[in-house]
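Just below is one structure, and these are the notes that go with it.
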Amino acid sequence: MKTLAYCTSSFALGALIAGFLGYILFIHSIQSSNVSEMRTFSQSVSLLTQGNEKNLKAFHCANLETSLSIFEDLQGLFLSSKKLFGTEEQTNKFILEVKEQLSHEGVCKHA
C-alpha cells in the first residue's frame, strides 16, 4: 500500500510540474507573439510619422517574407496545425493571398 501511495503521489507531482512548465511556455509564447506584433506596429507608426512610405513598404514586405518562410518551415513539423485560419482551406487561401501580395510588382518587388 505504501508503494502505491508513493507511485500515485510521484505521478501527481510530475503531472503538476509538467502542467506548470507547460503553462509558463504557453504564456511566454503569447507574450513573445504580442511583443513581435507591437514591434512591427511601432516601426510602422515610426516610419509613417517620418513620412517614409518606401521604407514602410520594404519593412512590411520583409516581415511578410520572413513570416511566410517560418510558417512554411513549421508546416513540415510533426503535429503542426493545418487549420490556423479557421479551416485548412481558409488557411491555404490566406497563404496564397500573402504570396500574391509579395509578388505584386508595385509594392514588394520594388520596395
Mean Cα-pair separation over length for the chain, i.e. relative contact order, pairs under 8 Å, 6 or more apart, %:
21 percent
Average accessible surface area per residue within the chain, 1.4 Å rolling probe, Å²:
81 Å²
Cβ charges +1 (Lys, Arg) and -1 (Asp, Glu), total dipole of the chain, debye
340 debye
Karplus ³J(HN,Hα) for segment 37-50 (6.51 cos²θ - 1.76 cosθ + 1.60, θ = phi - 60°; Hz, whole; x = Gly/Pro) runs 5, 4, 4, 4, 5, 4, 5, 4, 5, 4, 5, 5, 4, 7
Roughly speaking, to the nearest percent, how much of the chain's 1.4 Å accessible area is carbon and sulfur?
64 percent
For F85, other-chain or 5+-apart residues with amide H closer than 5 Å (H placed, Pro excluded) are T91
Isolated Cys in the chain by the 4.7 Å beta carbon test?
C7
Segment 23-73: projected area of the alpha-carbon convex hull, averaged over directions, in nm²:
3.9 nm²
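Give, to the nearest whole percent, the P(r) tail of the chain beyond 18 angstrom, counting all Cα pairs.
Of the Cα pairs, 69 percent sit more than 18 Å apart.
Would you compute, from DSSP H runs of 4+ residues alone, the mean residue ellipticity of the chain at 222 nm, taking -39500 (n - 2.57) per run and dividing by the full residue count, rounded to the nearest 500? Don't skip to the answer; put the middle values down first.
Details: 3 runs with 87 residues, N = 111.
One gets -28000 deg cm²/dmol as the mean residue ellipticity at 222 nm.
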If packing is taken as the average count of other Cβ atoms within 10 Å, what order do 30-37, 74-81 fall into, highest mean first?
30-37, 74-81
Positive-pole candidate from S69, M38, N52, dipole of the chain, charges at beta carbon:
M38
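Report D for segment 46-111 in µm² per second (integer): Stokes-Einstein, Kirkwood Rh on Cα pairs, 25 °C, 0.890 mPa s. Before the final figure, lay out the partial values.
On the way: Rh = 13.3 Å.
In µm²/s, the coefficient rounds to 185.
The values are calculated or read from the model by the stated rules, or taken from the named source; none is laboratory data. Predicted model, so just to flag it, every value in this text is computed and none were measured. Cβ: placed from backbone, ideal geometry, glycine included. Neighbour counts: every protein chain shown. The accessibility values were calculated without ligands, DNA or RNA, using every heavy atom of the protein model including side chains. Shrake-Rupley method; radii C 1.70, N 1.55, O 1.52, S 1.80 Å.
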